[in-house]
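Worksheet: the structure to be examined is printed underneath.
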Amino acid sequence: MAMTARERIGWIGLGIMGAPMARNLLRAGFPVTVYNRTAEKARPLLEEGAEWAPSPAAAAGRADIVCTCVTGPEDLLQVVLGPEGVVEAARPGLLHIDFSTVSPAAAREAAAALERRGAAFVDAPVTGGQPGAQQATLTIMAGGEARHVERARPVFAAVGREVHHMGPVGAGQTMKLVANLIGGVNLLAACEGLVLGLKAGLDLDRMLAVFEHSTARSVSLTLAGERVRTGDFAPGFSVRNRYKDFVLALDEARRLGVAVPGAALATQLYAAAMAHDLAEADQTALFHIVSQLAGGTGR
């Protein structure tokens, strides 16, 4: 079934990523009904033309395609399977696209519950952060049947730039956990290098200029360097969410019998950042933990 812009969208979850993604769907001409646990967060979207639903079931009941963008696996399963959850409104023809980063197992559990009611499910975690959500340039990693992924493509086109169909339900989540593991370990290495250089007395701006032309160059290093340079650690992607993603990756690695020692170490350091009241700071605030271990850097 080819999807048109006239299909109705139910959107659940209006956080840092969800709100701008829902806004981009509105701007693309989709009728959008929104639900969020904190209703006040929906006000700007309601002023821009979205409608309000009092529950996930109500959002799904008014939609042809329901989208979720929530924090973790427990949140997804609560939204789908809990009281007044999406499954209560599930029916043949309903497509559920989950843009959250959750466990592959949670994606499969949600999909199975919806499929028993005749609905379809695609897991579609994204990468690109808050700027990508705002600018509709996200990369989407999709898991599900090919026909359901094809139906979802107009929605994907409104919120992102690239779509990669990774395999069956859960494969998108697996790909996201792999990508986040690599990005998070890279970020730890970036923080360690910056701390070492600063502790040795190197000028930060000169270091960053060299990194741009060296094999050390990476998105994680660029992000960390800019945050350290400005001193602004306001959340784009929080320490709490990065820690959550590492825990999910370690769980999947344990299930598959894969050793990931670098990720295990990074997880512990993100746990330390959580314990030092940095949970809601940007993930690059890991720099402060590495700096403390070095006795400070003077920044």
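Taken together, the values in this text are just the output of simple stated rules run on the coordinates, not laboratory data. Here the structure is a predicted model, which means the values were calculated and not measured. All Cβ positions, glycine included, derive from the backbone under ideal geometry; neighbour counts span all protein chains shown.
Helix 104-115 axis versus longest C-alpha principal axis of the chain: approximately 10°, rounded to the nearest ten. Evaluated at q = 0.22 Å⁻¹, a Debye calculation over the C-alpha positions of segment 174-293 (equal weights, vacuum) places log10 I(q)/I(0) at -1.25. D by Stokes-Einstein for segment 71-217, Kirkwood Rh over Cα pairs, 10 °C, 1.306 mPa s: 93 µm²/s.
The DSSP beta bridges internal to the chain are antiparallel in roughly 15% of cases. Measuring between their Cα centroids, segment 249-299 and segment 119-177 lie 27 Å from each other.
If the Kirkwood radius is taken over C-alpha pairs of the chain, then at 37 °C and 0.692 mPa s the Stokes-Einstein diffusion coefficient equals 165 µm²/s.
Segment 78-108 and segment 1-59 have their alpha-carbon centroids 16 Å apart. Over segment 109-221, Cα pairs under 8 Å with separation of 6+ residues give a relative contact order of 21 percent.
Projecting the Cα atoms of 53, 31, 292 onto the charge dipole of the chain (Cβ charges, centred on the Cα centre) puts 31 farthest toward the positive pole.
Cross-link partners for residue 244 among the lysines, with Cα-Cα distance under 29 Å and sequence neighbours closer than 8 places in the same chain left out: 41, 176.
Each Lys and Arg contributes +1 and each Asp and Glu -1, all at the Cβ; summed about the Cα centre of the chain, the dipole is approximately 280 debye.
Sorting the Cα pairs of segment 61-127 by distance into bins of 10 Å, from 0 upward, gives 25, 61, 14, 0 percent per bin.
Quick check on segment 9-168: of the DSSP beta bridges with both residues there, what percent are antiparallel, nearest 5%? Roughly 10 percent of the beta bridges in segment 9-168 run antiparallel, per DSSP. Sorting 206-213, 112-119, 238-245 by their mean Cβ neighbour count within 10 Å, with the most densely packed peptide first, gives 238-245, 112-119, 206-213.
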